[in-house]
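Student: Please read through the structure below; I'll follow up with questions.
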Ligand SMILES: Nc1ncnc2c1ncn2[C@@H]1O[C@H](COP(=O)(O)OP(=O)(O)OP(=O)(O)O)[C@@H](O)[C@H]1O
Ligand SMILES: CC(C)=CCC/C(C)=C/CC/C(C)=C/CC/C(C)=C/COP(=O)(O)OP(=O)(O)O
Ligand SMILES: [Mn+2]
């Protein structure tokens, strides 16, 4: 069942794509780790295709001419084909088929995840916190739900904890990457909250506005705290190694937010 070549590649991808997650994943038991690695390979591939990157790294070698809309359409078609058993070529879709062949989970969550990419492709702006949370659900809450299914979670309350952890991670990710995201035309901060500080989606990035930006980001981190704490409620119902892996990723990623609070308006001078 465990196909070595795909496993080796997936390990390389998560090491390049995320120091944070590649360390925590080691604590899962081998079978769950394999499934989560396969899922990461698909997620990272989709994110890289849409962002025109390789493992999260901007790459000058990638061609820029294909429209993001077209790339998203292809991702949806290939994911659908992988789900219904087509013979796939790319490792990301072979990895996805590995999961589907050993563990059934609601595959509609894969398409809800891609719906989050559609918001990026449409260069969506987010007026209220609710709209920002909707984006977080699609790009990360769905991943939490899939991982919970892969761990064997069935219980609704526990699935909600997994969804909430994904949302907490994404709120942290938004806070960490707010300046970098601006330079690729993205702002996930609620425009209402920027307006409260006299900012807008064009000037929040200016050096003279960093202290005001930090006030908005602190509010986002406070919301993330709500999701971090609500994600722990049902952790004790999971197998021990899964709890260990999740608590480790919980602390590592949440630490990024603690560093942002510590460095305040200087938090974006280097990557936390
Ligand atoms: N200064 C930066 N600005 C934007 N992206 C960066 C920067 N440094 C690293 N990255 C991207 O983040 C990814 C991992 O980089 P790095 O190892 O520094 O952070 P990380 O701890 O892995 O982040 P994560 O929170 O994703 O685990 C890479 O995909 C890289 O492209
Ligand atoms: C609590 C229970 C029952 C289960 C836990 C379920 C899990 C592990 C939920 C977390 C899901 C998850 C890992 C979502 C992705 C979050 C996220 C912000 C990913 C971004 O990846 P990075 O590599 O950090 O970001 P970049 O793409 O910006 O580099
Ligand atoms: Mn990363």
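The values are calculated or read from the model by the stated rules, or taken from the named source; none is laboratory data. Just so it is clear, the structure is predicted and the values come from calculations on it, not from any experiment. Note: ideal-geometry Cβ built from the backbone for every residue, glycine included; neighbour counts use all protein chains shown.
Student: Output the number of the condition that residue 201 fails; it satisfies all remaining conditions of (1) closer than 30 Å to residue 162 by Cβ; (2) modelled with pLDDT of 95 or more; (3) more than 16 Å from ligand 1 (Cβ to nearest atom); (4) in contact with a helix residue (DSSP H, G or I) (Cβ under 7 Å, 6 or more places away or on another chain).
Tutor: Against the list (1) closer than 30 Å to residue 162 by Cβ; (2) modelled with pLDDT of 95 or more; (3) more than 16 Å from ligand 1 (Cβ to nearest atom); (4) in contact with a helix residue (DSSP H, G or I) (Cβ under 7 Å, 6 or more places away or on another chain), residue 201 comes up short only on (1).
Student: Scanning for something loosely packed, with under 15 Cβ neighbours inside 10 Å and either in the same structural domain as residue 249 (by the TED database) or within 25 Å of residue 112 (Cβ to Cβ) (or both), does the stretch 158-175 turn up at least one residue?
Tutor: no
Student: Taking the stretch 111-129 only, how many residues are under 17 Å from the mean Cα position of the chain (by Cα) and touching a residue at least 60 places away in the same chain (Cβ under 8 Å)?
Tutor: Residues in the stretch 111-129 being under 17 Å from the mean Cα position of the chain (by Cα) and touching a residue at least 60 places away in the same chain (Cβ under 8 Å): 5 in total.
Student: In addition: Right, residue 132: more than 13 Å from the chain's Cα centre (by Cα) and in contact (Cβ under 8 Å) with a residue 12 or more places away in the chain or not? Working first, answer last.
Tutor: Details: more than 13 Å from the chain's Cα centre (by Cα): yes; in contact (Cβ under 8 Å) with a residue 12 or more places away in the chain: yes.
Yes; evaluated as a whole, the condition is true for this residue.
Student: Output the residue which, of all residues in the stretch 90-110 that are surrounded by fewer than 16 Cβ atoms within 10 Å (Cβ to Cβ) and in a helix (DSSP H, G or I), is nearest to the chain's Cα centre (by Cα).
Tutor: From the stretch 90-110, those surrounded by fewer than 16 Cβ atoms within 10 Å (Cβ to Cβ) are 90, 101-102, 104, 106, 108; that's our starting set.
Going one step further and asking which of them are in a helix (DSSP H, G or I), we end up with 101-102, 108.
Working: 101: 24, 102: 23, 108: 17 Å.
Checked the stretch 90-110; the qualifying residue nearest to the chain's Cα centre (by Cα) is 108.
Student: What do you reckon, is residue 66 surrounded by fewer than 14 Cβ atoms within 10 Å (Cβ to Cβ), part of a helix (DSSP H, G or I) and more than 16 Å from ligand 1 (Cβ to nearest atom)?
Tutor: No; evaluated as a whole, the condition is false for this residue.
Student: Kindly evaluate residue 13 against the criterion of being within 14 Å of ligand 1 (Cβ to nearest atom), outside the structural domain of residue 185 (by the TED database) and part of a helix (DSSP H, G or I).
Tutor: It is true that residue 13 is within 14 Å of ligand 1 (Cβ to nearest atom), outside the structural domain of residue 185 (by the TED database) and part of a helix (DSSP H, G or I).
Student: Moving on. Yes or no: residue 84 surrounded by fewer than 17 Cβ atoms within 10 Å (Cβ to Cβ) and outside the structural domain of residue 253 (by the TED database)? Give the derivation first.
Tutor: On the way: surrounded by fewer than 17 Cβ atoms within 10 Å (Cβ to Cβ): yes; outside the structural domain of residue 253 (by the TED database): yes.
So residue 84 fits the description; yes.
Student: Oh, and also: Residues to consider are 221, 165, 194, 213; find the one that is more than 16 Å from ligand 3 (Cβ to nearest atom), farther than 21 Å from residue 255 by Cβ and either in contact with a helix residue (DSSP H, G or I) (Cβ under 8 Å, 6 or more places away or on another chain) or not in a helix (DSSP H, G or I) (or both).
Tutor: Step by step, each of 221, 165, 194, 213 is checked, and only 194 is more than 16 Å from ligand 3 (Cβ to nearest atom), farther than 21 Å from residue 255 by Cβ and either in contact with a helix residue (DSSP H, G or I) (Cβ under 8 Å, 6 or more places away or on another chain) or not in a helix (DSSP H, G or I) (or both).
Student: Something else about it: As an exercise: evaluate residue 264 against (1) more than 16 Å from ligand 1 (Cβ to nearest atom); (2) buried (at least 16 other Cβ atoms within 10 Å of the Cβ); (3) at pLDDT 95 or above and give the number of the one condition it does not meet.
Tutor: All conditions are met except number (2).
Student: Do we have residue 130 as part of a helix (DSSP H, G or I), surrounded by fewer than 24 Cβ atoms within 10 Å (Cβ to Cβ) and away from ligand 3 (no atom under 16 Å from the Cβ) here?
Tutor: yes
Student: Residue 38 is checked against (1) more than 16 Å from the chain's Cα centre (by Cα); (2) surrounded by 13 or more Cβ atoms within 10 Å (Cβ to Cβ); (3) more than 16 Å from ligand 3 (Cβ to nearest atom) and fails just one. What number does that condition carry?
Tutor: Of everything listed in (1) more than 16 Å from the chain's Cα centre (by Cα); (2) surrounded by 13 or more Cβ atoms within 10 Å (Cβ to Cβ); (3) more than 16 Å from ligand 3 (Cβ to nearest atom), residue 38 misses just condition (1).
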